[in-house]
Amino acid sequence: MALTRRGSKKVIMKTWVRGIPGLLFLVFIGLGVTLHAEKRGNAGPSQAGAGFLIIATDRGYLGNREIKEVYAAFAKDYRARLVFISLAEDYEEAMRQKLKTALAELRAQGAGSIVVLPFVLSDADPYLKRAKALLGSLRERLPFTPAMAADYLTAQVLEDRARAISKDPVKERLVVVGFGSTDAREAAAIRQDLERLAQETSGRRAFKETAIALFFHPAAADEVLQASNRQATEIIRAAGSDKSLRAVVIPFYLGPKHTASMQLGRRIESLLPDLNAAYEGLEILPHPNALLWLKKTANRWIKPKREELGVVLMPHGAGEYVNEPILEAIAPLRSRYNLEVAFGMADADTLQEAIDKVEGRGARRILVLRLYQLSLSLKEETEYVLGLRNDPPAMHPHAGHGGPHLPARVRSGALLTTTGGFDADPLIAEVLYQRVMEVSREPERETVLLLAHGDGNDERDRYWLEQMGAQARYIRAKTGHRFRSIRVATLREDWPDKREKAVADIRRLITQAGRDGDRVLVIANRLSGPGPYRRFLQGLVYVLNDRGIAPHPNLTRWIEKIIEGWIDGLGKAPLRNSAPGTAAAR
């Protein structure tokens with residue numbers, strides 16, 4: 001929807017919400033449009049022809065300085081230009097010239113394509129609509145990426161602000177204060193974005209209630225401006241007047257901020273004395289996630305080179321003697337890939353540490369490869385922790401949590417993805433075949449039992465048994481069907497109610513095979529180590545090969561195969577103007 005044009009004199013005559021000097025807005029719009037486009041050498045070849053036009057709200061001196069600082073850090077690694085957008089009509093031609101200059105400079109630097117990164121919170125922001133109209137007047141048809149509210153990195157900023165001043169969330173009301181709409185349609189969309197971000201923060205922090213207070217931009221019609229800002233003021237005061245719930249008030253916008261005193265935050269602060277409220281005044285900026293968001297958004301439009309790819313391997317692991325064989329299998333790959341290992345079960349802290357190292361060495365895209373038996377294992381948990389999905393799964397009993405309800409999520413400017421799970425891959429089935437032959441003496445009189453961890457979910461456990469069944473068929477065919485029997489079973493180790501029956505069935509199988517005169521070979525179908533099998537099978541007669549899969553050249557080959565398949569897929573995949581796993585997705 002095109003903006004309604006208003007003369008600058010009429011805009012200047014308007015006032016902020018009651019108590020904010022009209023001078024603030026006068027100075028704010030009087031700043032005009034600033035282009036922070038320091039001279040840089042030609043962009044490096046790693047940028048693969050992509051150029052980025054960042055358009056941002058003209059916030060005033062301090063606010064623009066915050067944006068410029070983020071931009072300067074971004075521009076070190078990306079071919080970029082920054083243009084500030086004003087809603088004042090006085091600067092329309094100046095803005096048009098700034099945009100033309102920025103686009104010309106990007107193209108002169110070799111940008112084969114230019115993408116617009118809107119440094120605004122919401123897609124409904126009036127400054128974004130103004131930028132689109134200006135570019136349209138220049139006959140520029142450029143792709144625009146989603147605004148900040150679409151990404152979970154922005155939700156993390158709100159969570160950080162709330163966490164800093166919250167004391168007891170179950171006895172508090174989260175009040176998110178927004179700014180910027182000029183009409184009812186914009187207000188509804190911006191409010192929806194804020195509600196979604198507030199709900200995610202509340203879900204992670206367990207706030208008793210949430211509320212949204214939305215101040216309008218002075219460019220709105222007088223009657224709308226006054227009524228809406230009066231309503232926002234009443235929401236804040238009502239929340240702070242409630243003695244039963246402490247109000248945690250967060251100003252969450254990229255709004256006017258000319259000086260320490262000339263900013264909307266001071267108006268909000270003036271409403272809170274003597275109220276049951278906590279307020280610190282920190283807005284979206286400054287926060288490190290702003291730079292991460294810019295990088296992550298830009299990386300979707302860059303075809304990375306091989307040296308800009310990273311891998312984080314995620315095995316369960318345990319003690320030194322379990323981890324050592326896994327690391328031995330991984331060691332040959334370290335010289336070929338930008339690679340780290342994050343032992344655990346989708347633990348956000350461990351993954352964050354590994355991702356930081358890989359990203360610090362230049363990775364724009366990172367594969368988190370789950371070294372687990374099944375493709376289903378920790379798939380949803382890992383996707384959530386990496387920000388690839390919004391609906392958190394029921395976490396495994398071993399998994400850590402970042403808050404009272406939900407696990408933490410990593411923070412990265414790289415594009416993250418995950419895959420993994422051996423399933424019935426022949427490379428791993430071959431390892432199990434070799435483990436069988438290491439302890440076999442007379443196959444015709446032997447029963448083989450492939451024994452694995454298992455799952456508490458019946459459907460996933462059945463899938464596990466199906467994959468092991470395929471491995472058993474591989475071994476049977478490899479040995480010419482010489483073994484008396486090849487069986488599969490899961491212990492369901494971490495679920496006592498399921499485990500009791502599983503252990504009883506396994507013990508019965510081993511006992512019966514022994515009575516039939518068979519020598520029973522139990523093969524630890526695990527990545528590494530024997531697991532708890534000796535303890536649960538105590539007193540029975542059997543031979544246990546407790547080596548597990550690692551180390552083995554085939555495990556190394558399997559990892560390499562998955563990595564190379566991912567790299568090959570990246571080369572074929574189109575660049576996307578999408579944000580999977582963002583606050584707006586799913």
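Filter the stretch 403-437 for residues that are of a type in the set (S, T, N, Q) and assigned to a helix (DSSP H, G or I) and give the result.
Residue satisfying the conditions is Q434 alone.
Can we say T350 is in contact with a strand residue (DSSP E or B) (Cβ under 6 Å, 6 or more places away or on another chain) and β-branched (V, I, T)? Before the answer, list the steps.
Numbers: in contact with a strand residue (DSSP E or B) (Cβ under 6 Å, 6 or more places away or on another chain): no; β-branched (V, I, T): yes.
Judged against the criteria, T350 is not a match.
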| request: Would you point out which residue out of Y433, Y372 is modelled with pLDDT of 95 or more, in contact with a Gly (Cβ under 6 Å, 6 or more places away or on another chain) and not basic (K, R)? | output: Y372
| said: Six or more apart or on different chains, Cβ atoms under 6 Å: show the pairs whose first residue is in the stretch 181-194 and of a type outside the set (D, E, K, R) and whose second is assigned to a helix (DSSP H, G or I). | reply: S181/A187; S181/I190; T182/P126
| remark: Within the stretch 71-111, the count of residues that are charged (D, E, K, R), closer than 24 Å to E359 by Cα and either in contact with a Gly (Cβ under 6 Å, 6 or more places away or on another chain) or in contact (Cβ under 8 Å) with a residue 24 or more places away in the chain (or both) comes to 3
| field | Scan of the stretch 503-527 for residues that are modelled with pLDDT of 95 or more, in contact with a helix residue (DSSP H, G or I) (Cβ under 8 Å, 6 or more places away or on another chain) and small (G, A, S), ordered by number | value | A524
| remark: Counting only helices (runs of 4 or more DSSP H) wholly inside the stretch 469-585, the ones holding at least 3 residues that are without any contact (Cβ under 8 Å) to a residue 24 or more places away in the chain are 496-515, 553-572
| task | Answer with yes or no whether R173 is of a type outside the set (A, V, I, L, M, F, W, C) and part of a helix (DSSP H, G or I). | result | no
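Test E340 against the criterion of being closer than 29 Å to G529 by Cβ, in contact with a strand residue (DSSP E or B) (Cβ under 9 Å, 6 or more places away or on another chain), charged (D, E, K, R) and part of a strand (DSSP E or B), and give yes or no.
Taking the combined requirement at face value, the residue satisfies it.
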| field | Flag for S137 being farther than 21 Å from A238 by Cα and out of contact with any Phe, Trp or Tyr (no Cβ under 9 Å at 6 or more places or on another chain) | value | yes
| message | Cβ contacts < 8 Å: first residue within 16 Å of I506 (Cβ to Cβ), restricted to the stretch 435-459; second residue of a type in the set (D, E, K, R) and buried (at least 22 other Cβ atoms within 10 Å of the Cβ), any location; separation 6+ or different chain. Result? | response | H453/R492; G454/R492; D455/R492
| query | Which number in (1) modelled with pLDDT of 95 or more; (2) over 29 Å from K296 (Cβ atoms) marks the one condition that D90 misses? | reply | (1)
| From the options E324, E328, E383, E353, residue that is assigned to a helix (DSSP H, G or I), of a type in the set (D, E) and buried (at least 22 other Cβ atoms within 10 Å of the Cβ) | E383
| request: Could you please find all residues in the stretch 530-583 being of a type in the set (A, V, I, L, M), modelled with pLDDT under 95 and buried (at least 18 other Cβ atoms within 10 Å of the Cβ)? | output: A579, A583
| request: Given the conditions (1) under 23 Å from the mean Cα position of the chain (by Cα); (2) surrounded by fewer than 21 Cβ atoms within 10 Å (Cβ to Cβ); (3) in a helix (DSSP H, G or I), report the number of the one that T297 does not fulfil. | output: (2)
| field | The one condition in (1) modelled with pLDDT of 95 or more; (2) among the small types (G, A, S); (3) out of contact with any Lys or Arg (no Cβ under 7 Å at 6 or more places or on another chain) that G480 fails to fulfil | value | (1)
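The values are calculated or read from the model by the stated rules, or taken from the named source; none is laboratory data. Nothing here was measured: the structure is a model prediction, and the numbers come from that model. Neighbour counts are summed over all protein chains in view; Cβ atoms, including those assigned to glycine, are modelled from backbone coordinates with ideal geometry.
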